[in-house]
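Beneath this line is the structure, given in structure tokens, with notes to follow.
The values are calculated or read from the model by the stated rules, or taken from the named source; none is laboratory data. Note that the coordinates shown come from a computational prediction; the quantities given were computed from them, not determined experimentally. FYI the Cβ positions are ideal-geometry reconstructions off the backbone, even for glycines, and counts take in every protein chain you see.
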Amino acid sequence: MMSRTERMGVIAGLLVSAAALPCFGQSAPAANQTIPIFAPDDRTSWFPDRPTGDDYLPPPSGPGPVMSDPAHPYTPNDEGRNTGVQPTYRIGDLSNPILQPWARAQMKKTNDEVLAGGVPFVARERCWPAGVPTFDIMRRVAPVWVVQSPKEVLLVWPSDQQVRRVYMNVPHAKNPRPSWYGDSVGHYEGDELVIDTIGFNDKSFVDNYRTPHTTQLHVVERLKLVDGGKTLQIGIEVEDPGAFTTKWRAVQRFKRWTEGPMAPSACAENNFDYFTYKVEPIPQAEQPDF
């Protein structure tokens, strides 16, 4: 496990590398193409634009993500404080037809544990990588930053030094090694950044209701600016024949945040089990990665 000083050095190196790119937020557009600039300067980042930003918005039509069980509605802490309603933990709606039987059975087990008084596991609380598409709905204690260049786009969550790398205008690796964030390639279609990701391991969830997936997971995200550039909208398409009965879609929106620059912080150090959560241990490496 890296020390805090080492972690700060890693993120500092990332920022130096980003500053050295041809132009922060700039790519050479193709003819008749307006490329969205998600980071016009080093102070612009993105926060979820509503209190329950760690849930997806449903798609306009068709199959959508697992949401809160109507019999046990989810109320986050911040919403509870504003409304006087007692906050609750998440209970996933197992009636959603996208779930294959084994996935529904696994989720029922965790639902039952929560209903019996347990505390559900959330990746961010134990410093685990969020995976995709959960990266788009992590509970935000810090905004998401976007760094664009002609060859690569970085999506950075500085609160845990989590970085997604999207390689532009290239095919997927022939045999990507399974990983938390998979193999992401991107291209622009008009005013949208399209990110296509495969090559996942099966250790993460696709949402905060603990919905599992397999290594067959395939995610396509479409990022675009709406509301006059004040909002970043992400259209999400998820396919996994090993876990879901059909392809499903969801939406997420972020508001523009201009209180930068990026300020990294460590996760694992001094993070202990406040309420004896029955969750996975904080990940620790036996040897340095580099």
For the range 104-149, which positions are over 18 Å from Lys255 (Cα atoms) and of a type in the set (A, V, I, L, M)?
Ala105, Met107, Val114, Leu115, Ala116, Val119, Val122, Ala123, Ala130, Val132
Of Val238, Val219, the only residue that is under 30 Å from Lys109 (Cβ atoms) and touching an Asp or Glu at 6+ places or on another chain (Cβ under 9 Å) is Val219
Does the range 3-14 include one or more residues that are modelled with pLDDT under 85, assigned to a loop (DSSP other than H, G, I, E, B) and either farther than 30 Å from Met107 by Cβ or not β-branched (Val, Ile, Thr) (or both)?
yes
Just checking, how many residues over the range 257-290 are modelled with pLDDT of 75 or more and assigned to a loop (DSSP other than H, G, I, E, B)?
9
Val114 fails exactly one of (1) touching a helix residue (DSSP H, G or I) at 6+ places or on another chain (Cβ under 9 Å); (2) aliphatic (A, V, I, L, M); (3) assigned to a helix (DSSP H, G or I), namely (1)
Return the residues of the range 237-265 that are farther than 15 Å from Pro48 by Cα and touching a Phe, Trp or Tyr at 6+ places or on another chain (Cβ under 7 Å); say none if nothing qualifies.
Val238, Met262
Selected residue [of a type in the set (Ser, Thr, Tyr) and at pLDDT 95 or above] from Thr211, Thr134:
Thr211
Restricting the range 103-124 to residues that are at pLDDT 95 or above and polar (S, T, N, Q), which is nearest to Thr245 (Cα to Cα)?
Gln106
Subset of the range 172-202 (residues that are among the acidic types (Asp, Glu) and closer than 23 Å to Ala243 by Cα):
Asp183, Asp196, Asp202
Going through the range 153-170 in order, the residues found to be part of a strand (DSSP E or B), charged (D, E, K, R) and surrounded by 18 or more Cβ atoms within 10 Å (Cβ to Cβ) are Arg164
Is it fair to say Phe121 is within 30 Å of Glu192 (Cβ to Cβ) and either surrounded by 15 or more Cβ atoms within 10 Å (Cβ to Cβ) or touching a helix residue (DSSP H, G or I) at 6+ places or on another chain (Cβ under 9 Å) (or both)?
no
Checklist (1) within 25 Å of Ile236 (Cα to Cα); (2) modelled with pLDDT of 95 or more; (3) more than 23 Å from the chain's Cα centre (by Cα); (4) not acidic (Asp, Glu) applied to Ala71, failing item
(1)
Can you tell me which condition Glu221 does not meet? The list is (1) modelled with pLDDT under 95; (2) under 16 Å from Phe200 (Cβ atoms), and all the others hold.
(1)
Could you pull out the residue among Ala103, Ala173 that is surrounded by fewer than 20 Cβ atoms within 10 Å (Cβ to Cβ), among the aliphatic types (A, V, I, L, M) and more than 11 Å from the chain's Cα centre (by Cα)?
Ala173
Of those in the range 74-86 that are within 23 Å of the chain's Cα centre (by Cα) and in a loop (DSSP other than H, G, I, E, B), the residue modelled with the highest pLDDT is Tyr74
